[in-house]
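Note sheet for the following structure.
Any read-out appearing in this document is the output of simple, stated calculations on the displayed coordinates, not a laboratory observation. All values derive from a computational prediction rather than experimental measurement. In this analysis, Cβ positions are derived from the backbone assuming ideal geometry, glycine residues included, and neighbour counts consider all displayed protein chains.
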Amino acid sequence: MRKTILVTGVFGSVGQETLLELIKRKDQYKIIGLDVKNKKTIREYKKVKEHLTMHWIDLSKKIDMSHILSSIYCVIHLAAIIPPLADKKHSLARSVNVEGTSHLLSQISKHAPSAFIIYSSSISVYGDRINNPYITITDPLIPSDGDYYAKTKIQAENIVRSSSLNWTIFRFSAIMSPNAKMDPLFFHMPLNTCIEIATTRDTGYALVQAIKKQKQLNHRLFNLSGGEKCRVIYSDFLKKAFTLSNLGKFNLPQLAFAKKNFHCGYYKDTNTLQDILGFQRDSIEDYYRLYKESISFPKSFFTALFKRIIKKSLLKKSDPLLSIKNNNLLLQNRFYGN
């Protein structure tokens, strides 16, 4: 008999890879998806609608979910407001990431108390680790200054841990999608930051593998990342990304990037979850290949043609540079220090 799996945030980058893994195992699982309704999610839903039962629900709205949860075996909770939006709209981030998680777990406790919860947290909870980049699950949680998203993740973790349900928490590292687009956070990370990535497809695989490993995972927290073969320094990552995307030499000014106060690092205990789930398949080179394959020829051609204009446009999105331009001493201290 197939077990019913609920995936929240099913059309996010990790959610879509999780969905694809579940579809591969359609003889084992029935899939229920939960997400907000907009042009993007509707478009993605149309591609897979025959494979899942979809519910368009905003977790910030406290509605009854008895009709959804009555037969649920496992919940993979990915829905969240992420940066940069989370750090700009605190009320929205709290209503979804914290209050939405609380409401979801309350509903699960009422209507599916035996369901297993897999909660996706974030490496951001550890804060700035430039001077001490090797991270373990027992390290103190000290979010970077201004990182409201990390604060909501810590609060949501506490809600999960204090519930009467069976649960596990995965603190995601830098989860990289080949289709990722550059946003203002591109400049928040210092160039000397240590990064240990995991691909979205390995992450989705890990989440589905976890469904059958509840005894080993129950009431435990784990760091989820790609392992040693997925480690890189941020400046080297950018040099490679610029080359692959046909932007040419990475020659943006160092002042465009923060000097402190962001997260990421290397996991010392990444093998703990790997030993249980066996999900670390991709390397950083695999990611580069996937990234290159995701760039169409027309896009690559026009990027090369207009690379100077594109780089100037990117610099206009640099919050550290804007803090100087606007003489914002508070943000200057956050990005650069005194």
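How many nm is it between the label spots at LEU305 and LEU85, if each spot is 7 Å from the Cα in line with the beta carbon? Using points 7 Å along Cα→Cβ, the separation is 3.2 nm.
About the centre of its Cα atoms, region 94-169 shows a dipole size close to 240 debye [charges on the beta carbon of Lys, Arg (+1) and Asp, Glu (-1) only; nearest 20 debye]. Counting only the Cα atoms, region 172-222 fills a convex hull of 106 Å³ per residue.
Starting with the highest mean, order 149-155, 89-95, 237-243, 304-310 by the number of other Cβ atoms within 10 Å, averaged over the residues of each peptide.
149-155, 237-243, 89-95, 304-310
Distance from the C-alpha centroid of region 151-207 to that of region 1-79: 19 Å, rounded to the whole angstrom. When only Cα pairs below 8 angstrom with a gap of at least 6 residues are kept, the chain shows a relative contact order of 17 percent.
When the alpha carbon gyration tensor of region 201-242 is reduced to an equivalent ellipsoid, its three semi-axes come out at 30, 11, 7 angstrom, largest first.
With coordinates expressed along the principal axes, the C-alpha atoms belonging to region 247-297 extend over 42, 37, 12 Å, beginning with the largest. Shape summary: region 79-118 maps onto an equivalent ellipsoid whose semi-axes, from the alpha-carbon gyration tensor, are 25, 10, 4 Å in decreasing order. Its relative contact order, with pairs defined as Cα atoms under 8 Å and 6+ residues apart, puts region 140-219 at 34 percent. If one computes the Cα centroid of region 82-110 and of region 238-309, what distance in Å separates the two points? Cα centroid of region 82-110 versus Cα centroid of region 238-309: 29 Å apart.
The tail of the calculated P(r) for region 7-53 beyond 13 Å holds 49 percent of all Cα-Cα pairs. In region 197-317 the Cα-Cα distances spread across 5 Å bins starting at 0 as 2, 9, 16, 17, 15, 14, 11, 8, 5, 3, 0 percent of all pairs. Plainly put, region 39-105 has a radius of gyration that is 1.00 times its Kirkwood radius, both from alpha-carbon atoms, as the Rg/Rh ratio.
For the chain, what is the charge dipole size about the Cα centre, in debye to the nearest 20, if Lys and Arg each add +1 at the Cβ and Asp and Glu each add -1 at the Cβ?
920
Distances between every pair of Cα atoms in the chain, grouped in 20 Å steps from 0 to the bin holding the largest one, split as 30, 59, 11, 0 percent.
Going 7 Å from the Cα of SER294 along its beta-carbon direction, which residues of region 162-187 have the amide nitrogen within less than 14 Å of the resulting point? What the label zone holds, given the 14 Å backbone N cut-off, is 174-183.
Please tell me the relative contact order of region 3-125 in percent, rounded to the nearest whole number, where contacts are Cα pairs under 8 Å and at least six residues apart.
29
Report, ordered by chain and residue number, the lysines lying within cross-link reach of LYS239, taken as a straight Cα distance under 17 Å and ignoring same-chain residues fewer than 8 apart. In chain and number order, the partners are LYS181, LYS249, LYS292, LYS307, LYS311, LYS312.
In units of the rule-of-thumb radius 2.2 N^0.38 Å, region 142-246 shows an alpha carbon radius of gyration of 1.25.
Counting only Cα atoms, I'd like the Rg/Rh figure for region 26-158, Kirkwood definition for Rh.
1.01
When you count the other C-beta atoms within 10 angstrom of each residue and take the mean per peptide, 70-80, 116-126 line up highest first as 116-126, 70-80.
R0 = 45 Å: FRET efficiency of LYS3 with GLN254, Cβ-based, nearest 0.05? It comes to 0.30.
Cα-based Rg of region 102-191 per 2.2 N^0.38 Å, rounded to two decimals?
It is 1.28.
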